[in-house]
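What follows is a single structure, written as structure tokens, with notes after it.
The values are calculated or read from the model by the stated rules, or taken from the named source; none is laboratory data. Please read these numbers as outputs of a predicted model, since none were measured by experiment. Note: ideal-geometry Cβ built from the backbone for every residue, glycine included; neighbour counts use all protein chains shown. For accessibility, only protein heavy atoms count, side chains too; no ligands or nucleic acids. Shrake-Rupley method; radii C 1.70, N 1.55, O 1.52, S 1.80 Å.
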Amino acid sequence: MKERQSGVLMHISSLPSKYGIGSFGQSAYDFVDFLVRTKQRYWQILPLGTTSYGDSPYQSFSAFAGNTNFIDFDSLLAEGLLEQQDLAGLDFGQDPIKVDYAKIFKARRPVLEHAVKRFLAQKDLSGYQSFVQENAAWLETFAEYMAIKEHFNLVTWLKWPDENIKLRKPEALAHYRETLADQLTYHRVTQYFFFKQWHELKAYANKHHIEIVGDMPIYVAADSAEMWSQPHYFKTDEQGNPSAVAGCPPDAFTADGQLWGNPIYDWQAMEADGYRWWIERLRESFKIYDVVRIDHFRGFESYWEIPADSKTAATGEWVKGPAYKLFKAVKEELGDLNIIAEDLGYMTPEVEAFREETGFPGMKVIQFAFDPDHESIDSPHTATNNSVMYTGTHDNNTIMGWYQGEINDKQREYMARYTNRKEYETVPHAMLRTIFASVSFMAIATMQDLLELDGSARMNLPSTVGGNWTWRMTADQLTPEVEAELLDLTKIYRRENKFLKEEKEK
């Protein structure tokens, strides 16, 4: 039996900030302090990777690089790398509860360029030089990709007009490395800023016995450094374009399924070299996270493969993946890893057996539990200890949004009876109480549900582009009442962080 513990899902972008988007600045440290005061063990975040068109952290330019939007300007000011005049008159967006990605995209770049210039003028660059050397395996390709992509007005490598650089011909690479040298340096330095600030924040969290649950998308984007530099790991045509893409089959929620568009892995090619790419990806992930949640875990057992020219996901088919062979290779090299398997969606006995073979805990989302007429695998009474119970994920509505607009009166009545909701009790509190009371060893509350926000605070609506990933919390929303409620639930259901308790007793 695993010990009972709990945490909060809150992405970096949603933290309070005067620069339009959350960062690794003071509000992140304040959030760690909030988790400590409420006796939590975990801070779960979404992927930290760079974001592209649509602003999704699940569609990144790199499987390894960090999102420079999270670099904190106040820290750069304190280090003398920025001056207040660098920030004067800039518009990062005026809405304190919404990220305006277009505005921060325009406003942040010149600020970071000022910081990079002052940084490179310093005498001691040994820390930066060590970073570049230690991360060269992914950093150089990422810097090249971004510099060349910017040179071609940000279009994907699949549409670059220079066929020689699309195919990474040595003479073309040498040419662009020389002509775009300053841009390559910019991307190296900003990645150094990102990882330096992130590791300092993580060290602070770990020192205070808070562990970070990171999120790894199973797939990479077609518009990515990996697809450009390692096409042999993906199913492609003769021109290097994806020949098949990922998605989900039609279901009760989407008649045409979900067409994600990510390239499909060539698992035979990956097996041929002992799954090195995945081993290195997980090795790097555990340098920056304490626990890794792998999105769409069932895709390792079998995945929905769609012809690249299809307009909907309905034309796809199930194809077998590597299943345990991959994780056997990972375990042999990296040992036992703290992984959460996102096993939501269409489950089969084969997928369940595969997850059990890995030993990784699966997920339960309580919003899926309340069908009055049928049993649900997400019902708390069906959960095992080796599972993680959520109020919702980044793809779910908030509890209030779900209750008000996604279920009917019969489901509301069943939910009230199942949770033994009191007349004076809010719906989010009843649901939080239920996940904290469950036998799942880990309970994770989304910050929006702790704040009892309606559907306007939803993080993402799957299969839509625009208006997603924008929710932000304001500092005054984190009230003493919210803190007291979370602490009370944590104590009542014996989920207090044992390390905090032991430290107090010393």
TODO: Collect the residues in the stretch 231-254 that are assigned to a loop (DSSP other than H, G, I, E, B), farther than 18 Å from Tyr303 by Cα and either of a type in the set (Ser, Thr, Tyr) or open to solvent by 50 Å² or more (accessible area, probe 1.4 Å) (or both), keeping them in residue-number order.
DONE: Asp237, Glu238, Gln239, Ala252, Phe253
Open item on the list: Would you confirm whether or not the stretch 257-280 contains a residue that is part of a helix (DSSP H, G or I), of a type in the set (D, E, K, R) and within 23 Å of Ser60 (Cβ to Cβ)?
Closed with: yes
Open item on the list: If I filter the stretch 439-473 down to residues being of a type in the set (Gly, Ala, Ser) and farther than 9 Å from Thr398 by Cβ, which single residue comes out as farthest from the chain's Cα centre (by Cα)?
Closed with: Ser440
Open item on the list: So, Ser52, is that one surrounded by fewer than 22 Cβ atoms within 10 Å (Cβ to Cβ) and over 30 Å from Asp124 (Cβ atoms) or not?
Closed with: yes
- [ ] Check the stretch 63-77 and report whether any residue there is of a type in the set (Ser, Thr, Tyr) and either open to solvent by less than 10 Å² (accessible area, probe 1.4 Å) or part of a loop (DSSP other than H, G, I, E, B) (or both).
- [x] no
Task: Of the criteria (1) without any contact (Cβ under 8 Å) to a residue 60 or more places away in the chain; (2) out of contact with any Phe, Trp or Tyr (no Cβ under 8 Å at 6 or more places or on another chain), which one Gly455 fails - done: (2)
Open item on the list: Looking at the stretch 291-328 only, could you name the residues that are under 26 Å from Gly359 (Cα atoms), of a type in the set (Lys, Arg) and open to solvent by 30 Å² or more (accessible area, probe 1.4 Å)?
Closed with: Lys320, Lys325, Lys328
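Within the stretch 322-334, identify whether any single residue is of a type outside the set (Gly, Ala, Ser) and more than 25 Å from Val220 (Cα to Cα), and answer yes or no. It would help to see each step written out before you state the result.
Of the residues in the stretch 322-334, the ones of a type outside the set (Gly, Ala, Ser) are 322, 324-328, 330-334.
With the extra rule that they be more than 25 Å from Val220 (Cα to Cα), the set shrinks to none.
There is no residue in the stretch 322-334 that is of a type outside the set (Gly, Ala, Ser) and more than 25 Å from Val220 (Cα to Cα).
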TODO: Give the residues of the stretch 1-42 that are of a type in the set (A, V, I, L, M), open to solvent by 10 Å² or more (accessible area, probe 1.4 Å) and not in a strand (DSSP E or B), sorted by residue number.
DONE: Met1, Val36
Task: Extreme residue, farthest from Leu112 (Cα to Cα), among residues of the stretch 156-193 that are open to solvent by 30 Å² or more (accessible area, probe 1.4 Å) and among the aliphatic types (A, V, I, L, M) - done: Leu167
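Please pick out the residue among Gly49, Gly54, Gly66, Gly80 that is modelled with pLDDT under 95 and not polar (S, T, N, Q). Full working, then the answer.
Numbers: Gly49 fails: modelled with pLDDT under 95; Gly66 fails: modelled with pLDDT under 95; Gly80 fails: modelled with pLDDT under 95.
Just one listed residue meets the conditions, Gly54.
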TODO: May I ask you to verify whether Gln84 is open to solvent by 70 Å² or more (accessible area, probe 1.4 Å) and polar (S, T, N, Q)?
DONE: yes
- [ ] Run down Thr358, Thr398, Thr348 and say which single residue is β-branched (Val, Ile, Thr), over 24 Å from Ala437 (Cβ atoms) and either touching a residue at least 60 places away in the same chain (Cβ under 8 Å) or surrounded by fewer than 16 Cβ atoms within 10 Å (Cβ to Cβ) (or both).
- [x] Thr348
Task: Residues of the stretch 361-384 classified as at pLDDT 95 or above, polar (S, T, N, Q) and either more than 21 Å from Glu413 (Cα to Cα) or open to solvent by 20 Å² or more (accessible area, probe 1.4 Å) (or both), total - done: 1
- [ ] Specify the residue that is least open to solvent (accessible area, probe 1.4 Å); the eligible residues are those in the stretch 90-114 that are over 25 Å from the mean Cα position of the chain (by Cα) and within 30 Å of Asp476 (Cβ to Cβ).
- [x] Val111
Task: Within the stretch 203-226, considering residues that are in contact with a helix residue (DSSP H, G or I) (Cβ under 7 Å, 6 or more places away or on another chain) and part of a helix (DSSP H, G or I), the one surrounded by the fewest Cβ atoms within 10 Å (Cβ to Cβ) - done: Tyr204
Task: Residue pairs meeting the criteria (Cβ under 8 Å; at least 6 apart or on separate chains; first without any contact (Cβ under 8 Å) to a residue 60 or more places away in the chain, in the stretch 221-233; second open to solvent by 20 Å² or more (accessible area, probe 1.4 Å)) - done: His232/Asp266; His232/Ala269; Tyr233/Asp266; Tyr233/Ala269
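Residue-by-condition table, conditions (1) modelled with pLDDT under 95; (2) of a type in the set (Gly, Ala, Ser):
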position: Tyr418; (1), (2): no, no
position: Glu425; (1), (2): no, no
position: Ser438; (1), (2): no, yes
position: Thr446; (1), (2): no, no
position: Ser456; (1), (2): no, yes
position: Gly467; (1), (2): yes, yes
Task: Selection from the stretch 281-322 of residues that are without any contact (Cβ under 8 Å) to a residue 12 or more places away in the chain and in a helix (DSSP H, G or I) - done: Lys287, Thr315
